[in-house]
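Okay, so here's the structure we're looking at.
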Amino acid sequence: MIIFADTSALFALLVHNDYMHIRARANLDYFSTHDVRLLTSSYVILETVALLQRRVSLAAVSDFQMKIQPLLDVIWVDAEWHAKAMQRLLARADRALSLVDCLSFEIMEARGLTTAYTFDKHFEENGFTIAAFHDLDRF
């Protein structure tokens with residue numbers, strides 16, 4: 001099974017005092033023992049690194065680079081992906097959605113993915129299942 005990994009979960013993995021850290025860790029442990037692959041985008045990586053650098057430390061960025069990023073299958077964003085995400089963002093006209101969110105939704109739809117490893121309610125509001133908020137035994 002493939003699940004899309006979002007910034008909120010990746011950030012929580014590395015920030016021990018984040019209120020979702022324990023849940024993020026438990027999810028990752030479950031994924032690793034149940035052959036669940038994590039797919040993400042280069043925009044999610046960029047956003048995660050920026051948050052870690054600004055809110056935590058460069059050491060946290062290094063931990064992400066060394067420990068978490070190797071676990072991810074990454075779609076590197078090109079002009080076509082960017083244009084699709086931008087089109088979605090502008091069409092939705094919802095300031096609460098980010099370009100990164102819109103790109104994530106585009107990728108998930110294109111790949112036929114229905115579940116995200118996230119703590120961001122926007123995924124559920126856009127028709128996706130949030131793995132971190134549900135009983136994981138059903139996967």
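Coordinate-derived values only; no laboratory data. Being a predicted model, the structure only gives us computed values, none of them experimental. Here Cβ is always computed from backbone atoms with ideal geometry, including for glycine, and neighbour counts include all displayed protein chains.
Just a few scattered comments:
- Test: residue in the stretch 111-120 that is farther than 24 Å from residue 14 by Cα, without any contact (Cβ under 8 Å) to a residue 40 or more places away in the chain and either in contact with a Phe, Trp or Tyr (Cβ under 9 Å, 6 or more places away or on another chain) or assigned to a helix (DSSP H, G or I) (or both): yes
- Number of the exception - residue 61 against (1) over 11 Å from residue 6 (Cβ atoms); (2) β-branched (Val, Ile, Thr); (3) buried (at least 20 other Cβ atoms within 10 Å of the Cβ): (3)
- Put simply, of 56, 74 the only residue that is of a type in the set (Val, Ile, Thr), closer than 24 Å to residue 126 by Cβ, surrounded by fewer than 20 Cβ atoms within 10 Å (Cβ to Cβ) and in contact (Cβ under 8 Å) with a residue 12 or more places away in the chain is 74.
- In the stretch 94-113 there is at least one residue matching the filter, namely being under 13 Å from residue 131 (Cβ atoms) and touching a helix residue (DSSP H, G or I) at 6+ places or on another chain (Cβ under 8 Å).
- Some residue of the stretch 79-96 being in a helix (DSSP H, G or I) and under 14 Å from the mean Cα position of the chain (by Cα): no
- Test: residue 15 is in contact (Cβ under 8 Å) with a residue 60 or more places away in the chain, of a type in the set (A, V, I, L, M) and either touching a strand residue (DSSP E or B) at 6+ places or on another chain (Cβ under 9 Å) or surrounded by fewer than 20 Cβ atoms within 10 Å (Cβ to Cβ) (or both): no
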